[in-house]
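Below: one structure, written as C-alpha cells.
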Amino acid sequence: MATDQGRKVAAHWSRLAVTYEGALRSLASRGIAPEQAGANDLHAVDMIHMGGLAATDALAAMAGITAGGRVLDIGSGVGGPARAIASRFGAVVCGIELSEALHDTATRLTALVGLTGQVRLVHGSALALPFDDGSFDVAVMQHVAMQITEKDRLFAEAARVVKPGGCLALHELFAGEGELHYPLPWATEPGMSALDLLPTCIERLSGLGFEVGEFVDQSEEGRRFHLASIATYDQALAAKKGALGLTRDATEARRAASVAMERNLGSGSIKVGMIVARKRT
C-alpha cells in the first residue's frame with residue numbers, strides 16, 4: 001500500500017541513501033576487504049537517522065531487546081539498525097522498507113556480512129504489514145512517522161503485530177514551535193513532511209492500548225550530531241568527493257538538510273527523542 005506521499009519519500013531516499021557500491025567504497029577507503037567485513041564495519045554508512053549506531057543501541061536498550069527476541073524494524077532503510085540489533089543484541093530481526101532501491105541495498109549488505117539467517121528483509125508498506133497479529137516482541141521505528149501522513153493506520157498496524165506485553169520503541173521527530181526551515185532530511189518541500197506533535201502521538205498510542213513511557217528528549221544531541229555531519233560533508237566536498245560512501249550530489253543534499261536541521265533543532269521548531277510504549281496485556 002504505497003501512497004503518493006510514500007512514493008515521493010521512497011524516491012527521495014533512493015537518491016540520498018548509500019548504495020551497495022558506495023558501502024564497498026567506504027570499506028575500501030578504510031582498508032577493509034568486502035569478504036572480511038562485519039556488520040559493525042558498515043555502521044559508519046548504513047544508519048540514516050540522527051545519532052547513528054549509538055542511537056540504535058540506546059533505543060534497543062530502552063526497549064529491553066535481548067538474545068532471541070523477535071524484533072520488527074519498520075522503515076528499515078538500508079538495513080543498518082536491523083543488522084545492529086541482530087549482531088549486537090542477538091535478536092531475530094525482520095525489516096520492512098517501502099523503497100525498492102533501499103530494500104535491495106539492505107539485502108545485499110546483509111548477505112555481505114553473513115546475517116541473512118538472522119535478519120529477514122521485506123519490501124513492503126508500513127501501512128499494511130504482511131505479518132500475523134502478535135508476531136513480534138518489539139517493533140522499532142527510527143525517523144519514520146514524520147514522513148507518513150496516515151499515522152492512525154501506521155500505529156494501528158504496529159500495535160497489531162506487537163504481542164501483548166511487547167513494546168513499540170520510537171526514535172522519532174516531532175513538531176515544536178516556530179518556523180520550519182527546509183530542506184529537511186526526509187522532505188525537500190512541506191508536502192513530503194508529516195511532523196506530529198508529541199502529545200498527539202502519546203494520545204494516539206494510549207488509545208491503541210499502550211502504556212507510554214517517558215519521552216527522552218535528544219534535541220540537543222541531535223543538533224550536535226548535525227554540526228558534526230556538516231563538518232564531515234565539508235571535508236569531503238573540499239576534496240571534491242562524496243562523504244560516507246555517498247556521491248557528491250547526495251553529500252551536497254545531505255549537507256543542506258543538516259544545516260536546516262541544526263537550525264530547526266536549535267530553535268525548537270523540531271524535537272527529536274525516544275519513547276517506549278508497552279502494549280497492555
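Do we have Ala60 as hydrophobic (A, V, I, L, M, F, W, C) and out of contact with any helix residue (DSSP H, G or I) (no Cβ under 6 Å at 6 or more places or on another chain) here? Break it down stepwise before answering.
Numbers: hydrophobic (A, V, I, L, M, F, W, C): yes; out of contact with any helix residue (DSSP H, G or I) (no Cβ under 6 Å at 6 or more places or on another chain): no.
The answer is no for Ala60.
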Original post:
All but one of (1) over 20 Å from Thr107 (Cβ atoms); (2) open to solvent by less than 50 Å² (accessible area, probe 1.4 Å) hold for Gly31; which doesn't?
Top reply: (2)
Original post:
Would you say Asp46 is part of a loop (DSSP other than H, G, I, E, B), touching a helix residue (DSSP H, G or I) at 6+ places or on another chain (Cβ under 9 Å) and among the charged types (D, E, K, R)?
Top reply: yes
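Being under 22 Å from the mean Cα position of the chain (by Cα) and of a type outside the set (A, V, I, L, M) is the filter here; which residues of segment 202-222 pass it? Outline the logic, then answer.
In the first step, residues of segment 202-222 are kept if they are under 22 Å from the mean Cα position of the chain (by Cα); the result is 202, 204-205, 210, 212-222.
Across segment 202-222, the qualifying residues are Arg204, Phe210, Gly213, Glu214, Phe215, Asp217, Gln218, Ser219, Glu220, Glu221, Gly222.
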**OP:** Return the total of residues in segment 143-201 being free of Cβ contacts under 8 Å to residues at least 60 places away in the same chain and over 23 Å from Leu98 (Cα atoms).
**Re:** 3
Original post:
What number of residues within segment 84-102 are within 20 Å of Ser135 (Cβ to Cβ) and touching a Ser or Thr at 6+ places or on another chain (Cβ under 8 Å)?
Top reply: 8
**OP:** Give me a count of the residues in segment 1-54 that are under 28 Å from Pro190 (Cβ atoms) and of a type outside the set (S, T, N, Q).
**Re:** 21
Subject >> Leading residue by the ranking (farthest from His49 (Cα to Cα)) among those in segment 226-251 that are charged (D, E, K, R) and open to solvent by 80 Å² or more (accessible area, probe 1.4 Å) >> reply: Lys240
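Quickly run through segment 35-60 and pick out the residues that are open to solvent by 50 Å² or more (accessible area, probe 1.4 Å) and not aliphatic (A, V, I, L, M). Break it down stepwise before answering.
Kept after step one, since they are open to solvent by 50 Å² or more (accessible area, probe 1.4 Å), are these residues of segment 35-60: 35-36, 40, 44, 48, 54.
Residues satisfying the conditions are Glu35, Gln36, Asn40.
Only residues that are open to solvent by 60 Å² or more (accessible area, probe 1.4 Å) and under 20 Å from the mean Cα position of the chain (by Cα): list them for segment 191-201, please.
Narrowing segment 191-201 to residues open to solvent by 60 Å² or more (accessible area, probe 1.4 Å): 197, 199.
Passing the criteria: only Leu197.
Which of the residues belonging to segment 73-114 are basic (Lys, Arg) and in contact with a Leu (Cβ under 8 Å, 6 or more places away or on another chain)? Write out each step before concluding.
Our first condition is that a residue be basic (Lys, Arg); within segment 73-114, this holds for 83, 88, 108.
Arg83, the sole residue that qualifies.
Of the residues that make up segment 30-38, is at least one of a type outside the set (D, E, K, R) and within 16 Å of Leu121 (Cα to Cα)?
Within segment 30-38, the first condition is being of a type outside the set (D, E, K, R), and the residues that meet it are 31-34, 36-38.
The next check asks that each one be within 16 Å of Leu121 (Cα to Cα); those that pass are none.
No, segment 30-38 contains no residue that is of a type outside the set (D, E, K, R) and within 16 Å of Leu121 (Cα to Cα).
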**OP:** Scan segment 224-281 residue by residue and report those that are under 19 Å from the mean Cα position of the chain (by Cα), among the small types (Gly, Ala, Ser) and more than 27 Å from Thr105 (Cβ to Cβ).
**Re:** Gly273, Ala277
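The values are calculated or read from the model by the stated rules, or taken from the named source; none is laboratory data. Given the structure is predicted, the values throughout are model-derived calculations rather than measurements. Here Cβ is always computed from backbone atoms with ideal geometry, including for glycine, and neighbour counts include all displayed protein chains. Note: accessible area is taken over every heavy atom of the protein model, side chains too, but ligands, DNA and RNA are not part of it. Shrake-Rupley method; radii C 1.70, N 1.55, O 1.52, S 1.80 Å.
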